[in-house]
Amino acid sequence: MDALSPEQLVPFIHNVRYWRHKEQFLMETDSHHAWMMFAVESGSFRYEIDGEEGTAERGDLVFCPPFTTFRRVIVKPLTFFVFNFSLHAGERDDSAGQSPDVWAGDKGRSGLPSGKVTIRDVQRLASDFDYLRSVWELDEEPYASRKQYLLLDIWRLYGWETDANRRFASVREDPLMERAELLIRERAHVPFSMKELAGELGLSPVQLTRRFTSAYGKTPGAYGAALRLNKARALLVETDWTLDDIARRCGYDNGFYFSRAFSAKMGMPPSHYRESNRL
């Protein structure tokens, strides 16, 4: 089945628990009917989930899918949160009697979280932890909603950083595409040929498109178009230049073509964007 990205999934909290300086797990092996996430504030523990082994410490999230054996042993006294939650593909519609929970037993679907993710933005994660400590035991409103919000924020951190890690890993694995990206960035605002660029890199246009898309998630043409559009947006807001002036400086053929391309991408003409975004 198709892979799911974190952006396509929404976690709904069942409960959250918090332990301080825990020295030993009461149960070192178990499984649950819901998704679990261990969020480590301090200390460390070893884990094994679905064949993956590792050690989790401060800044790590450890996900365990439902009905999956979760083995863990504390290494250093552990301060951590445990979330139980369900995952839904998009917003849940309880009023319709539907339950679009993502079925964890579906091993054919990739993209579902399992094992450890290390969060680089430890300051934001620590801020979420601070708020959670004050509400985790409170079930009445508005505290239940706050816990849901904080779970969503941690989930977004997981999604953003997982996506960033995937993209950076793809780039690191293909240094030639790093060079291609630099050349596109240098030439994006003047007319240039992708065919000539491919030849300069020793590739065919098809090879360049395939490898660049794998590394950056966009074709070379779309990447260059995004760079031109970003510069045009800045010039619209920061200058009084005409559309023809901006078009020339951003690599568009003329003001008319620039206006059509801008409107198609932004959903409004350049003049409207300029009026709406000036401060």
Note on segment 195-210: residues surrounded by 15 or more Cβ atoms within 10 Å (Cβ to Cβ) and either assigned to a helix (DSSP H, G or I) or among the aromatic types (Phe, Trp, Tyr) (or both) are Leu197, Ala198, Pro205, Leu208, Thr209
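Do you know which residues across segment 192-221 are among the small types (Gly, Ala, Ser), at negative phi and under 20 Å from the mean Cα position of the chain (by Cα)? It would help to see each step written out before you state the result.
At the first step, the residues of segment 192-221 found to be among the small types (Gly, Ala, Ser) are 193, 198-199, 202, 204, 214-215, 217, 221.
Now restrict to residues that are at negative phi: 193, 198-199, 204, 214-215, 221.
Once the filter is applied, which keeps residues that are among the small types (Gly, Ala, Ser), at negative phi and under 20 Å from the mean Cα position of the chain (by Cα), segment 192-221 yields Ser214, Ala215.
Please tell me if Asp163 is modelled with pLDDT of 90 or more, surrounded by 14 or more Cβ atoms within 10 Å (Cβ to Cβ) and among the charged types (D, E, K, R).
On the way: modelled with pLDDT of 90 or more: no; surrounded by 14 or more Cβ atoms within 10 Å (Cβ to Cβ): yes; among the charged types (D, E, K, R): yes.
No; evaluated as a whole, the condition is false for this residue.
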Scanning segment 209-247 for residues that are closer than 20 Å to Phe258 by Cβ and of a type in the set (S, T, N, Q) gives Asn230, Thr239, Thr242
Of the listed residues (Thr69, Thr55, Thr79), the one being in contact with a His (Cβ under 8 Å, 6 or more places away or on another chain) and either among the hydroxyl-bearing types (Ser, Thr, Tyr) or closer than 22 Å to Ala144 by Cβ (or both) is Thr79
- Task: Determine if segment 236-247 includes at least one residue that is aromatic (Phe, Trp, Tyr) and farther than 29 Å from Ser5 by Cα.
- Result: yes
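Inside segment 267-279, can you point out the residues that are farther than 19 Å from His189 by Cα and either part of a loop (DSSP other than H, G, I, E, B) or not hydroxyl-bearing (Ser, Thr, Tyr) (or both)? Working first, answer last.
Quick first cut of segment 267-279, residues farther than 19 Å from His189 by Cα only: 267-269, 271-279.
Answer for segment 267-279, where residues must be farther than 19 Å from His189 by Cα and either part of a loop (DSSP other than H, G, I, E, B) or not hydroxyl-bearing (Ser, Thr, Tyr) (or both): Gly267, Met268, Pro269, His272, Arg274, Glu275, Asn277, Arg278, Leu279.
Can you say whether Tyr257 is among the hydroxyl-bearing types (Ser, Thr, Tyr) and touching a residue at least 40 places away in the same chain (Cβ under 8 Å), as far as the supplied structure shows?
Working: among the hydroxyl-bearing types (Ser, Thr, Tyr): yes; touching a residue at least 40 places away in the same chain (Cβ under 8 Å): no.
In short, no.
Out of segment 166-185, which residues are of a type in the set (Asp, Glu) and modelled with pLDDT under 90? Steps first, answer last, please.
First, pick out the residues of segment 166-185 that are of a type in the set (Asp, Glu): 173-174, 178, 181.
Within segment 166-185, Glu173, Asp174, Glu178 meet the criteria.
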Within segment 232-241, can one find any residue that is modelled with pLDDT under 90 and aromatic (Phe, Trp, Tyr)? no
Of the candidates Ala247, Ala188, Ala232, the one satisfying the condition of being closer than 22 Å to Asp174 by Cα and surrounded by 13 or more Cβ atoms within 10 Å (Cβ to Cβ) is Ala188
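Would you tally the residues in segment 211-259 being in a helix (DSSP H, G or I) and either more than 17 Å from Ser271 (Cα to Cα) or charged (D, E, K, R) (or both)? Walk me through how you get there before you give the answer.
First, pick out the residues of segment 211-259 that are in a helix (DSSP H, G or I): 211-216, 220-238, 243-250, 255-259.
After this cut, where a residue has to be either more than 17 Å from Ser271 (Cα to Cα) or charged (D, E, K, R) (or both) as well, the list is 211-216, 220-228, 231, 233, 238, 244-245, 248-249.
Qualifying residue count for the region: 22.
The values are calculated or read from the model by the stated rules, or taken from the named source; none is laboratory data. Model, not experiment: these values are computed from the prediction. Note: ideal-geometry Cβ built from the backbone for every residue, glycine included; neighbour counts use all protein chains shown.
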